[in-house]
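Okay, structure first, notes after.
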Amino acid sequence: MPLQRRVPKRGFRSRKSATRAEVRLNELAGLKVDVITLDVLKEASIVPATTLVAKVIASGKLDQAVVVRGLAATPGALSAIEQAGGKVEA
């Protein structure tokens with residue numbers, strides 16, 4: 001039997017997934033701050049401490065006006081934040 005069939009199979013685990021995170025709009029709504037940064041998300045235990053880059057995705061509802069600073073956002077999340085009276089800063 002060939003070696004490739006005798007060796008146990010292993011899955012793929014991305015190295016980037018340890019440093020990337022997604023944040024939902026309803027998780028932002030639970031925060032009681034006006035300016036949301038990556039450090040605020042780490043302190044609130046929304047993202048792991050090893051996270052270097054986070055992205056806001058449009059899942060849920062945001063009612064309060066917040067300023068999202070230093071985070072990426074999907075087009076749907078960007079429009080939802082702006083409709084709530086907030087803004088996204090790079």
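The values are calculated or read from the model by the stated rules, or taken from the named source; none is laboratory data. Worth saying up front: this structure is predicted, and the values here are computed from it rather than measured. All Cβ positions, glycine included, derive from the backbone under ideal geometry; neighbour counts span all protein chains shown. The protein model used for the area step is the full one, side chains on, heavy atoms only, and it has no ligands, DNA or RNA in it. Shrake-Rupley method; radii C 1.70, N 1.55, O 1.52, S 1.80 Å.
Each residue in the range 66-84 was checked for being touching a residue at least 24 places away in the same chain (Cβ under 8 Å) and on the phi < 0 side of the Ramachandran plot, and 8 pass.
For the range 3-90, please list each of the helices (runs of 4 or more DSSP H) lying entirely inside it that holds at least 1 residues being open to solvent by less than 60 Å² (accessible area, probe 1.4 Å).
Ranges flagged: 25-29, 38-43, 75-83.
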